[in-house]
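The block underneath contains the structure these notes are about, expressed in structure tokens.
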Amino acid sequence: MASFELIGDSKEFITTYTFGTHTAKHTFCKVCGITSFYIPRSNPDGIAVTLRCVDPGTLAHVEIKCFDGQNWEDSYEQTGITSCSKATDEEDPK
């Protein structure tokens, strides 16, 4: 999560909701209610970002992977999706 940073006065406009195990952190805008990002229960070291909330030109490359949300548990195990939000060697030098 060291690579993720809110800039400007963004922090004052967000709030976080948790339930159950409180592992997942559902973060959303206090003004419009959009979920801009969240920390998933299935991968608490990662951050899921709503792509539409990223300024154009910020990302050099985006890889889209299909995920069956209706059959979440099976899809989670089969896709290895947690590896998508792990730090790369460039982001996390050893």
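Throughout, read-outs are computed from the coordinates displayed, never taken from laboratory work. As the structure is a prediction and not an experimental result, all values here were calculated from the model. Here the Cβ positions follow ideal geometry from the backbone for every residue, glycine too, while neighbour counts run over all protein chains shown.
Computed over the Cα atoms of the stretch 10-85, what is the ratio Rg over Rh, Rh following Kirkwood? Walk me through the numbers on the way to the answer.
Details: Rg = 13.7 Å, Rh = 14.0 Å.
Radius of gyration over Kirkwood radius for the stretch 10-85 works out to 0.98.
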**Report entry** From phi via Karplus (6.51, -1.76, 1.60), per-residue ³J(HN,Hα) for the stretch 44-61 in Hz, x at Gly/Pro
**Finding:** x, 8, x, 9, 9, 10, 6, 4, 5, 8, 8, 4, x, x, 6, 9, 7, 8
Query - Additional length obtainable on full extension of the chain from Val54 to Tyr17, 0.36 nm per residue less Cα span - result: 11.2 nm
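How do 32-42, 7-17 rank on mean C-beta neighbours within 10 Å, highest first?
32-42, 7-17
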Report task. Measure off 7 Å from each Cα along the Cα-to-Cβ vector at Ser42 and Glu73, then give the distance between these two points in nanometres to one decimal. Result -> 1.3 nm
